[in-house]
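*Asks:* Just dropping this structure here.
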Amino acid sequence: MPELKKSCFKCCALWFGGVFAGAILLCALLLGEAGRWLSAADAPQRADAIVVLGGAFERTLYAAELYAAGKAGRIYLSHPMRDASQRLLDELGIKMPDEHEISATILKRKGVAEKDILPFPATALSTADEADLLQRMFAGQHLTIMVVTSPFHIRRARMIIGHALAGSNVTALFVATPYDRYATDWWTDQDSARNTFLEIAKIFYYVGGGHFRALNAAPPTG
């Protein structure tokens with residue numbers, strides 16, 4: 001009897017060990033493909049408008065190129081909220097320009113007509129805020145927009161904005177700026193590794209029902 005128990009215990013240990021090893025291998029394989037999954041973008045094509053999400057000026061640079069190539073006749077710029085360090089400087093009377101102001105200047109320097117640079121109607125804290133604003137901006141319209149963001153942000157932007165625009169007549173394409181360096185073999189690059197794990201965590205948070213939103217979104221001042 002003791003030998004039978006020992007044999008059963010050994011079989012169970014081997015089975016659980018195999019399952020655990022298989023789970024580790026599966027996780028490793030999934031993580032290995034995470035970079036390609038996160039950055040699966042659409043090819044640029046003709047649209048009614050280009051939308052630049054906040055967070056990186058590399059996105060603005062590419063939007064200017066798409067405009068110059070005739071992909072769309074107007075560009076909508078997100079207006080991110082000022083961060084804590086900027087607000088501290090504001091209190092000292094030191095005015096740093098908003099991201100939106102710098103992005104608008106970039107577009108003008110790259111040849112985009114001022115009349116074709118349009119702001120979001122309110123400041124945004126997150127992609128969820130930007131999605132809500134896009135839904136509000138384009139309500140009742142029938143058009144195609146080309147959303148420009150960073151490669152690692154494509155998947156999450158597609159999920160959040162796609163959900164906000166579901167049921168509308170707005171078709172959203174998601175293109176990645178080539179100026180924002182991202183290695184799909186993310187383990188070979190420190191920035192890519194950090195962005196990969198942050199995006200996966202944010203996606204889990206979003207899928208679990210979490211949203212970061214501005215408590216008091218205000219109209220842009222810049």
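The values are calculated or read from the model by the stated rules, or taken from the named source; none is laboratory data. Worth saying up front: this structure is predicted, and the values here are computed from it rather than measured. Cβ: placed from backbone, ideal geometry, glycine included. Neighbour counts: every protein chain shown. These area figures cover heavy atoms from the full protein model, side chains too; ligands, DNA and RNA do not enter into them. Shrake-Rupley method; radii C 1.70, N 1.55, O 1.52, S 1.80 Å.
*Asks:* Quick check: anything in segment 49-66 farther than 22 Å from Tyr182 by Cα and out of contact with any helix residue (DSSP H, G or I) (no Cβ under 8 Å at 6 or more places or on another chain)?
*Replies:* Within segment 49-66, one or more residues are farther than 22 Å from Tyr182 by Cα and out of contact with any helix residue (DSSP H, G or I) (no Cβ under 8 Å at 6 or more places or on another chain).
*Asks:* Take Leu88 and tell me if it is of a type outside the set (D, E, K, R), open to solvent by 60 Å² or more (accessible area, probe 1.4 Å) and outside any loop (DSSP other than H, G, I, E, B).
*Replies:* Criteria met by Leu88.
*Asks:* Do you know which of the residues in segment 92-110 that are in a loop (DSSP other than H, G, I, E, B) and in contact with a helix residue (DSSP H, G or I) (Cβ under 6 Å, 6 or more places away or on another chain) is most open to solvent (accessible area, probe 1.4 Å)?
*Replies:* Once the filter is applied, the top-ranked residue is Lys110.
*Asks:* Please specify each residue of segment 127-168 satisfying the condition of being β-branched (Val, Ile, Thr) and either buried (at least 20 other Cβ atoms within 10 Å of the Cβ) or part of a helix (DSSP H, G or I) (or both).
*Replies:* Listed by number, the residues that qualify are Thr127, Ile145, Val147, Val148, Thr149, Ile154, Ile160, Ile161.
*Asks:* Going through segment 71-83 one residue at a time, which ones are in a loop (DSSP other than H, G, I, E, B), surrounded by 18 or more Cβ atoms within 10 Å (Cβ to Cβ) and in contact with a Leu (Cβ under 7 Å, 6 or more places away or on another chain)?
*Replies:* Within segment 71-83, Ala72, Ser78, Met81 meet the criteria.
*Asks:* Read through the list (1) in contact with a Gly (Cβ under 8 Å, 6 or more places away or on another chain); (2) more than 23 Å from Gly209 (Cβ to Cβ); (3) assigned to a helix (DSSP H, G or I); (4) not polar (S, T, N, Q), then give the number of the only condition that Tyr182 fails.
*Replies:* Exception for Tyr182: condition (3).
*Asks:* Right, here's the next one. Looking at (1) open to solvent by 60 Å² or more (accessible area, probe 1.4 Å); (2) in contact (Cβ under 8 Å) with a residue 60 or more places away in the chain; (3) in a loop (DSSP other than H, G, I, E, B), find the lone condition where Ala122 falls short.
*Replies:* Answer for Ala122: the failing condition is (1).
*Asks:* Take segment 169-186 and flag every residue that is open to solvent by 50 Å² or more (accessible area, probe 1.4 Å) and in contact (Cβ under 8 Å) with a residue 24 or more places away in the chain.
*Replies:* Asn169, Thr171, Pro178, Tyr179, Asp185
*Asks:* Search segment 32-44 for residues that are more than 17 Å from Trp186 (Cα to Cα) and pair each with any residue that is at pLDDT 95 or above and open to solvent by 40 Å² or more (accessible area, probe 1.4 Å) when their beta-carbon atoms are under 6 Å apart and the residues are at least 6 apart or on different chains.
*Replies:* Partner pairs satisfying both residue conditions: Pro44/Lys71.
*Asks:* Test of understanding: among Ile117, Ile102, Ile106, Ile94, which residue is in contact with a strand residue (DSSP E or B) (Cβ under 6 Å, 6 or more places away or on another chain) and either farther than 19 Å from Ala176 by Cα or modelled with pLDDT of 95 or more (or both)?
*Replies:* Ile117
*Asks:* Would you say Glu114 is in contact (Cβ under 8 Å) with a residue 60 or more places away in the chain and surrounded by fewer than 19 Cβ atoms within 10 Å (Cβ to Cβ)?
*Replies:* When the stated conditions are applied, Glu114 does not pass them.
*Asks:* Report those helices (runs of 4 or more DSSP H) wholly inside segment 1-70 carrying at least 3 residues which are within 20 Å of Ile154 (Cβ to Cβ) and at pLDDT 95 or above.
*Replies:* The qualifying helices (runs of 4 or more DSSP H) are 57-68.
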